[in-house]
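Novice: Sending over a structure as structure tokens; questions will come in a sec.
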Amino acid sequence: MTFSKILIANRGEIACRVMRTARDLGYTTVAVFSDADRQALHVRMADEAVYIGGSEAKDSYLNIAAILQAAHQSGADAVHPGYGFLSENAGFAQACLDAGLVFIGPTPQAMLAMGDKARAKQRMLLAGVPCAPGFMEPDADDAVLLTQGIALGFPLLVKATAGGGGRGMRHVASQEELPSAIESARREAISAFGNGDLMLERLIYNGRHIEIQVFADQHGNAVYLGERDCTAQRRRQKVIEETPSPIVSPAMRERMGRDAVAAALAVAYQGAGTVEFIVDADLNHYFLEMNTRLQVEHTVTEMVTGLDLVEWQLRVAAGEPLPLKQADIRFEGHAIQARLYAEDPYVGFVPQTGKILWWKPQAALHAGVRIDHGVQEGDVISPFYDPMVAKVIAHGRDRDDAIRRLRAALRNAPLLGLRNNNRFLSDLLDHPTFRKAQMTTTLIDQWASDGEALLEKPQPSSKAWQVAALVRVAQHGSSWRSDSVAAFGMQLHCESETRFLHVLPDADGAVLIEMLDPAQSPDALPMRAQVHSFEQGTLRFSLEGVVQSAVAWVSGLQVHLAMDGYQFVFSEHNAMAQKLAVQDPGKAHATFAGKVTRVLVAVGDTVSEGQQLLCVEAMKMEMWLCAQVAGSVLALHAEPGQQIDADALLVEIS
């Protein structure tokens, strides 16, 4: 099959990733975009771009008719689905074929065979691939699932049989949790995939998530490209992925690879696919599911093999045989990927929205480092799509080398403007449990419940306070010289703390910055500082004679500062007066922007403290808003399906 123009039916980082390889191979690329993505990087990168609908995914990136029309408008003769959205939708793959387009992925039949997780497990058992115990009957209602769950025992997983990415999945620790988990998982599965069918699976306690990358062509050839360890997860979403796995021996790799290839051949698979296994404490592996697409974490496989997996996808779709035989595939060194999310890991991993003020990933691109992203400065992170901003990947001669390079890359690629998990990723990579390869799939969530220090919000050091003050000095340039301004005080606020600083201009253009609250900052010494240059984003300065650089951005009365691996926001104290005011506990506000999915109360209802009021969904996360006081519902400002902004007033309780 020949094709020359590829439409990428996706957005963001993966759309940009596919375009780079496609253009290197001489293909013309076509982007599609929604209202929210009119100025997005993937739109600017493409040779051509076509508008496909509203900001919500159902109106654009999940709209099959609009995507096919875009292919017709642009003259594209092939479609690459990326990952997420319609990438594992057999109906979309078939619609592309029916429209005369080459679908760069597996056949619809293979997607159907693996897309229903319950039926896929039944196929795997027939193919001799080991599977964890579970209940996999189709169309089971809540009562049947409840009975079967009790029979299986706990802990267990309730899982949507369609889709992936952790949507429609719930961890159930006890019988009491099962009914609400079934209800919640079914609701999310219907919302995400249009299919509410569920299955049950016995949870392998303290298991490790190991997956095998497989590739197959149209001529019956299939190979595996090693494993990826994706055990570091939060809320069933992967955080860090690496290859090779620190627990997998060559013999175990061969066994898992053999089973993964058997799984692919059992459904006559074509193209890139990932067979996911859960590994127990005795290193037994059990089939979980097969992702019939390219994975987010394919990058680490590319780093250790030196192969371009998107290129392989395009060649297989064009009817070519696999470029290599199994015996020809080589692995070199160690690669680790960290997912940079717009979320606050110190407040329950709540998604964040807002404008990106500073993002220059090229500053971190040193030897062995790769950053895949689809955003640029000035972009607004909206509540409509996944909160992943970028993938930061490092390759080293061994695991320690890769970790060191990755932590340096994270430090050198700060993102200013909205909270993100950069510092959390760096700290996790250096955590003793991660260093010793003792992570489990539920450990981060357990740490969140146990108050692990890793999840304590970083506080600015004395140096950070003083540099923030220096940014204010730098902002005003020569007007701060000693011949025009005497010593003055400055009051800054950051992370619920306030500090008082004294700034004394010096004769040669330097200043002496002193913290005036020694009880709060006992380690703070007066520091002689001098600004050498300052442009938005880049501060060049000296502290006690040592020339240094920092990333800083001034926005109104706020200073956004990358320091100590974290992004702090310092504000003039009076600018924070409204935020510092005591919040009325009778007014329930949205913690983030999103869509209201459920409302459990009505005006006049009596509620108790802690009672669930309504549910807001955004960026693959459900968040319940609960009453902070007992009383009666005075006013309700939301209804199911309504899109709301962060901090919007939703419920008033008298």
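None of the figures in this text is laboratory data; all of them are computed from the coordinates on show. Source: prediction; values computed, not measured. Here the Cβ is made from the backbone with ideal geometry for all residues, glycine too, and neighbour counts use every protein chain on show.
Novice: Which listed residue (Asn412, Pro250, Trp624) has the Cα farthest towards the positive end of the charge dipole for the chain, taking +1 on Lys and Arg C-beta and -1 on Asp and Glu C-beta about the Cα centre?
Specialist: Positive-end residue among those listed: Pro250.
Novice: Where does the charge balance sit around Lys355 when Lys and Arg score +1, Asp and Glu -1, over other residues with C-beta under 10 Å from its C-beta?
Specialist: With Lys, Arg at +1 and Asp, Glu at -1, the net is -2.
Novice: Using only the Cα atoms of the range 5-104, build the gyration tensor, take square roots of its eigenvalues as a ≥ b ≥ c, and label the shape rounded, prolate or oblate: rounded if a/c is under 1.5, else prolate if a/b is larger than b/c, else oblate.
Specialist: rounded
Novice: Taking a 22 Å limit on the Cα-Cα distance, which of the listed pairs Lys355/Lys463; Lys121/Lys159; Lys159/Lys436 fall beyond it?
Specialist: Lys355/Lys463; Lys159/Lys436
Novice: Can you list which of the chymotrypsin sites (Phe, Trp or Tyr not before Pro) found in the range 131-228 are DSSP loop residues with at most 16 other C-beta atoms within 10 Å?
Specialist: Taking the range 131-228 and a limit of 16 other Cβ atoms within 10 Å, the loop chymotrypsin sites (Phe, Trp or Tyr not before Pro) found are Tyr205.
Novice: Let a ≥ b ≥ c be the square roots of the eigenvalues of the Cα gyration tensor of the range 267-392; is it rounded (a/c under 1.5), or, if not, prolate (a/b larger than b/c) or oblate?
Specialist: Here the range 267-392 falls in the prolate category.
Novice: On to the next question. Just grab the label-to-label distance for His502 and Asp517, each label 7 Å out from Cα along the Cβ direction, in nm (one decimal).
Specialist: 1.6
Novice: Using only the alpha-carbon atoms, how far is helix 178-193 inclined from the longest principal axis of the chain? Give it as 0 to 90 degrees, nearest 10.
Specialist: Around 90 degrees separate the two axes.
Novice: Would you please give the FRET efficiency between Asp645 and Lys457, computed as 1/(1 + (r/R0)^6) with r the Cβ-Cβ distance and R0 = 25 Å, to the nearest 0.05?
Specialist: Computed FRET efficiency for Asp645 and Lys457: 0.60.
Novice: Among 88-98, 290-300, how do they line up from the highest to the lowest mean number of other beta-carbon atoms within 10 Å?
Specialist: Order by mean packing, descending: 290-300, 88-98.
Novice: What is the helix-to-structure angle for 64-74, meaning the angle in degrees between its Cα long axis and the longest Cα principal axis of the chain, kept from 0 to 90 and rounded to the nearest 10?
Specialist: It is inclined by approximately 80 degrees.
Novice: Need one word for the range 402-465: rounded, prolate or oblate. Basis is the Cα gyration tensor (sqrt eigenvalues a ≥ b ≥ c); a/c below 1.5 gives rounded, then a/b vs b/c decides.
Specialist: The shape class here is oblate.
Novice: Using mean Cβ contacts within 10 Å as the protection proxy, how do 37-43, 601-607, 315-321 order, highest first?
Specialist: 37-43, 315-321, 601-607
Novice: Give me the dipole magnitude in Debye, nearest 20, for the range 57-141 about the Cα centre, with unit charges on the beta carbon: positive for Lys and Arg, negative for Asp and Glu.
Specialist: 240
Novice: Report the Rg/Rh value for the range 168-244, based on alpha-carbon coordinates and the Kirkwood definition of Rh.
Specialist: Expressed as Rg/Rh, it is 1.08.
Novice: Given Cα pairs under 8 Å that are at least 6 residues apart, what percent is the relative contact order of the chain?
Specialist: Answer for the chain is 9 percent.
Novice: Helix-derived [θ] at 222 nm for the chain: sum -39500 (n - 2.57) over DSSP H runs of at least 4, divide by residue count, nearest 500?
Specialist: Result for the chain: -7500 deg cm²/dmol, rounded to the nearest 500.
Novice: Something else now. Please give me the summed charge of the neighbours of Met1: other residues whose Cβ is under 12 Å from its Cβ, Lys and Arg +1, Asp and Glu -1.
Specialist: Charge balance in the 12 Å sphere: -1.
Novice: Also: Give a residue-ordered list of calculated ³J(HN,Hα) values for the range 22-31 (Karplus: 6.51 cos²θ - 1.76 cosθ + 1.60, θ = phi - 60°; whole Hz; x for Gly, Pro).
Specialist: So the Karplus estimates, Gly and Pro as x, are 4, 6, 4, 8, x, 8, 7, 10, 10, 9 Hz.
Novice: Let me ask something else. Which trypsin sites (Lys or Arg not before Pro) in the range 388-445 pass both tests, a DSSP loop state and at most 12 other beta-carbon atoms within 10 Å?
Specialist: Arg397, Lys436
Novice: From the phi of every residue in the range 607-615, what ³J(HN,Hα) in whole Hz does the Karplus formula 6.51 cos²θ - 1.76 cosθ + 1.60 yield, where θ is phi - 60° and glycine or proline is x?
Specialist: Once θ is set to phi - 60°, the couplings for the range 607-615 become 10, 9, 4, x, 5, 5, 9, 7, 10 Hz.
Novice: Return the sequence-ordered ³J(HN,Hα) values of the range 106-123 in whole Hz as given by the Karplus equation 6.51 cos²θ - 1.76 cosθ + 1.60 applied to θ = phi - 60°, using x for Gly and Pro.
Specialist: Values per residue, Gly and Pro as x: x, 6, x, 5, 5, 5, 5, 5, 9, x, 8, 4, 5, 5, 4, 5, 4, 5 Hz.
Novice: A follow-up question, please. Please give the net charge around Lys121, taking every other residue with its beta carbon less than 14 angstrom from that of Lys121, where Lys and Arg add +1 and Asp and Glu add -1.
Specialist: Summing Lys/Arg as +1 and Asp/Glu as -1 gives -2.
Novice: Taking a cut-off of 48 Å, what percent of all Cα-Cα pairs in the chain are separated by more than that?
Specialist: 18
Novice: Quick one: which residues, 5+ away or cross-chain, put their amide H under 5 Å from the amide H of Ile240? H built at 1.01 Å from N.
Specialist: HN-HN under 5 Å from Ile240: Ala232.
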